[in-house]
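S.K.: First the structure, then my questions, so here it is.
The values are calculated or read from the model by the stated rules, or taken from the named source; none is laboratory data. From a predicted model like this one, the values you see are computed outputs, not experimental measurements. We place every Cβ from the backbone using ideal geometry, glycine too, and count neighbours over all the protein chains shown. Note: accessible area is taken over every heavy atom of the protein model, side chains too, but ligands, DNA and RNA are not part of it. Shrake-Rupley method; radii C 1.70, N 1.55, O 1.52, S 1.80 Å.
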Amino acid sequence: MKKSLLLLIGICFTISGFTILKEKLFYVPKDWPKPEYDFSKNPLTHDKVELGRALFYDPVLSKDNTISCNSCHSQFTAFAHVDHALSHGINNLIGNRNAPALMNLAWQKSFMWDGAINHLDMQPLAPIANEKEMASNIDSVVKKLQRTKLYPTLFLKAFGDSIITGEHTLKAISQFMLTLISSNSKYDSVMRKKATFTEQEKNGYTLFKLTCSGCHQEPLFTNQQFENNGLTIDATLNDIGRMKITLDPNDSLNFKVPSLRNIEFSYPYMHDGRFKKLTDVLNHYISGIQKSKTLSKKLEVPILLSSNEKVDIIAFLLTLTDRSFLFNTDFSYPKELLLKTN
Amino acid sequence: MKIRIVVFLLFLNSIYSNTQAQKSNEISVSFYPLFKNSVIDFNQPAFYQIGINDSIQFDLLRFYISGIQLLNDGKVMWEEQKSFHLIDANENLLSILIQPPLNISYTEIKFNLGIDSITNVSGAMGGDLDPTKGMYWTWQNGYINFKLEGKCSLCMTRNNEFQFHIGGYQFPFSSIQTINLLAEPQKNIYVDIDLRKLIELNDLVNENNIVAPSKEAVLFSNQIASVFSNRKK
């Protein structure tokens, strides 16, 4: 009898221990929707997340060992490409699009500005193979990792197998990216009634809900749809957006509605990084909308904002900055792993 | 007491069902890429004559077979679990083994040429589905169901190359095909793939490079399916 009681207590402790561990790696913030990512196929563990983090920061993924994921997605810009309108990769080749911020990816239905990627696991294949990005392929990456001192041990620890596969490599990178949750901005504190907006921010929030949240829907600040927000087409890029994937003319110039969390730091803005400042973005919505067949219905009525109101909206947008995300050391360069061996 | 009996019965039952499962036999399903009745050796590519003055050479053939079922009068008698197989002519992986139970009768084998849409959106997978196999698109997601590459004097391309990477799982460009062939219990299955016919169905002058989901890819996938047949005796 006593024994089984002890056993029961033991079991309870282990279970609660596990949940604590799990909460640290991934959690659903209060009032957020259910994540899209199917964790049952790739349950998070500490070792897998750490392996993924090492891979994310390791230029070993590129052909000439110069470019890592982090080269285009750096933490202090919410994992966007700092200061580059079009991201640049190997041999300084310039890509076709602006690198988006990486956060709250577990909730995202599709990836890339045109939704070309259907699952987070498969995302790394694109930059790894892109001639202008990392110019390699997953097969050579796997073989290369196998030859390193570091990775067979890390894969053994994480997956119980030191033979490296594409599946495990991709799942590990996903694991790290899934932990990148940003939900502790001032806005979030206000929603949790732990802080209050200033008058200006409050007014900005009201205006935002009237004019912007049809697409930039709370709490993720995206409705996850593809919309044409009236940007003029850049003749040097001729990017048709979603239509490239669906080949449907109704999707021409539709791009994924991006989240606006941490927008203060993820400049420049839009799929081609055409705007450097939030004022430029607001000016676009007020006076720059290009009418076209596919322009979103939500933007057919012109947005009228006084210059004070413009400033108020920007003040509100700045409350979406989450410093605990931008400076979270769990997400930063894994010195312990990468500096030791390389 | 009662519980012990139940446990014992369960134990017996498990032994019984195990031996049942062991009674399955292995049947091979083999694929033969043909040109005018001769089997193409992808490791020593040869030129074949087409038309009067033109020639063609095949360098690469790789495709997925999935969802294998055995049917009797249209009724599914058996279906393979986790049924995904990469057929690769260059690696001489042209034959697969299936293990249906001995005691079923069937007249037909049915399988998909390609990968179903659910699997296409389920993230990273291993085995034959591992993206390192080179059958996964990178710039846009999805498996490549069928790859055929080679050279033909009809193609006004670099080195006269042609390239068909056929895939796509989303409406309206789904290119997965179902193939039904005859089969008999305990007999190996031999499948011909008539590449000459496939080439003849196409206009290689104008259509020699399909590498993304599209209307053309769907049409091509139909044509591929139509050149699979039971080996002629």
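S.K.: Take B:LYS82 and A:ARG147, extend 7 Å from each Cα along the Cα→Cβ direction, and tell me the distance between the two endpoints in nm.
M.R.: Taking the two extended label points, one gets 3.1 nm.
S.K.: Can I ask one more? Tell me, what is the percent relative contact order of chain A, built from C-alpha pairs under 8 Å that lie six or more residues apart?
M.R.: Numbers: 548 pairs, mean separation 70.6, N = 342.
After rounding, I find 21 percent.
S.K.: Heavy atoms of the protein only, probe of 1.4 Å, neighbouring chains included. What is the accessible area of B:LYS232 in Å², nearest 10?
M.R.: Near enough 140 Å² of accessible area.
S.K.: With a point put 7 Å past each Cα toward its Cβ, work out how far B:ASN222 is from A:HIS46 in nm, to one decimal.
M.R.: 5.8 nm
S.K.: Tell me whether chain B comes out rounded, prolate or oblate; compute the Cα gyration tensor, take square roots of the eigenvalues as a ≥ b ≥ c, and use a/c under 1.5 as the rounded threshold.
M.R.: On the way: a/c = 2.66, a/b = 1.90, b/c = 1.40.
Taking the square roots of the gyration eigenvalues as a ≥ b ≥ c, chain B is prolate.
S.K.: Can you list the HN-Hα couplings for region B:55-66, worked out from phi with the Karplus curve (6.51, -1.76, 1.60; θ = phi - 60°), rounded to whole Hz and with x for Gly and Pro?
M.R.: Values per residue, Gly and Pro as x: 9, 9, 9, 9, 9, 8, 9, 8, 7, 9, 10, 8 Hz.
S.K.: If one computes the Cα centroid of region A:181-202 and of region B:137-201, what distance in Å separates the two points?
M.R.: Taking the Cα centre of region B:137-201 as reference, the centre of region A:181-202 is 55 Å away.
S.K.: Can I ask one more? Give A:LYS30/A:LYS202; A:LYS149/B:LYS147; A:LYS48/A:LYS194 a once-over and call out the pairs whose C-alpha atoms are over 25 Å from each other.
M.R.: A:LYS149/B:LYS147; A:LYS48/A:LYS194
S.K.: Just subtract the alpha-carbon distance of B:SER55 and B:GLU26 from 0.36 nm times their residue separation and send over the number in nm, one decimal.
M.R.: Going from the current span to full extension adds 6.5 nm.
S.K.: Using 1/(1 + (r/R0)^6) with R0 = 22 angstrom and r between the beta carbons of B:GLN44 and B:GLU207, what's the FRET efficiency to the nearest 0.05?
M.R.: According to the calculation, E is roughly 0.20.
S.K.: Considering only protein heavy atoms and a probe of 1.4 Å, how much of the accessible area of the protein assembly as shown is carbon and sulfur, as a whole percent?
M.R.: Whole-percent figure for carbon plus sulfur exposure: 56.
S.K.: Extending each Cα 7 Å along its Cβ direction at B:GLU161 and A:ASP330, get the distance between those two points in nm, one decimal.
M.R.: Rounded to a tenth, the inter-label distance reads 4.6 nm.
S.K.: Further question: Residues with amide H under 5 Å of B:ASP59's amide H, sequence separation 5 or more or different chain, H placed in the peptide plane at 1.01 Å from N; which?
M.R.: Amide H to amide H, under 5 Å and 5 or more residues apart or across chains, B:ASP59 pairs with B:GLU149, B:GLY150, B:LYS151.
S.K.: Rounded, prolate or oblate: which fits region A:186-321 when a ≥ b ≥ c are the square roots of the eigenvalues of the alpha-carbon gyration tensor, with rounded for a/c under 1.5 and prolate only if a/b beats b/c?
M.R.: Prolate shape, in that a/c is at least 1.5 and a/b is the bigger ratio.
S.K.: Determine the sum of side-chain charges near A:LYS171: Lys and Arg each +1, Asp and Glu each -1, restricted to other residues whose C-beta is under 15 angstrom from that of A:LYS171. Show your work: numbers first, answer last.
M.R.: Numbers: positive: A:LYS41, A:LYS48, A:ARG53, A:LYS157; negative: A:ASP38, A:ASP47, A:GLU50, A:ASP121, A:ASP161, A:GLU167, B:ASP130.
Computed value for this residue: -3.
S.K.: Then there's this: I'd like the interface area for chains B and A: accessible area of each alone minus the complex, both sides summed, 1.4 Å probe, protein heavy atoms only. What is it in Å² to the nearest 100?
M.R.: Rounded to the nearest hundred, the buried surface is 1700 Å².
S.K.: If you count only protein heavy atoms with a 1.4 Å probe, what accessible area per residue comes out for region A:226-313, rounded to a whole Å²?
M.R.: It amounts to 52 Å² per residue over region A:226-313.
S.K.: With every protein chain left in place, what is the accessible area of A:VAL301 in Å² (1.4 Å probe, nearest 10)?
M.R.: Accessible surface of A:VAL301 is approximately 110 Å².
S.K.: Follow-up. Leaving out ligands and nucleic acids, note down the accessible area per residue over region B:96-169 with a 1.4 angstrom probe, in whole Å².
M.R.: For region B:96-169, the solvent-accessible area averages 36 Å² per residue.
S.K.: Another question about this same structure. For helix B:2-22, report the angle its Cα long axis makes with the longest principal axis of the Cα atoms of chain B; keep it between 0 and 90° and round to the nearest 10°.
M.R.: 30 degrees
S.K.: Further question: Could you tell me the calculated FRET efficiency between A:LYS277 and B:ILE179, based on Cβ-Cβ distance and R0 = 35 angstrom, to the nearest 0.05?
M.R.: 0.05
S.K.: Please list A:ASP31, B:ASP116 from largest to smallest accessible area, probe radius 1.4 Å, with all protein chains kept in place.
M.R.: Accessible-area ranking of A:ASP31, B:ASP116, largest first: A:ASP31, B:ASP116.
S.K.: How far is helix A:166-178 tilted off the main Cα axis of chain A, in degrees rounded to 10, range 0 to 90?
M.R.: For helix A:166-178, the angle is close to 60 degrees.
S.K.: Pull out a ≥ b ≥ c, the square roots of the eigenvalues of the alpha-carbon gyration tensor of chain A, then state rounded if a/c is under 1.5, prolate if not and a/b is larger than b/c, and oblate in the remaining case.
M.R.: It comes out oblate by the Cα gyration axes.
S.K.: Other chains' Cβ within 10 Å of A:119-126 residues: what's the mean?
M.R.: Mean partner shielding for this stretch: 5.
S.K.: Given a cut-off of under 8 Å on Cα pairs at least six residues apart, what relative contact order in percent is computed for region A:186-321?
M.R.: Values: 180 pairs, mean separation 46.8, N = 136.
That works out to 34 percent.
S.K.: Give the angle, between 0 and 90 degrees and rounded to the nearest 10, that separates the Cα long axis of helix A:138-147 from the longest principal axis of the Cα atoms of chain A.
M.R.: Tilt relative to chain A: about 40 degrees.
S.K.: Provide the net charge surrounding A:ASP234, with neighbours chosen by a C-beta distance below 9 Å and charges set as Lys +1, Arg +1, Asp -1, Glu -1.
M.R.: Around A:ASP234, the surrounding residues sum to -1.
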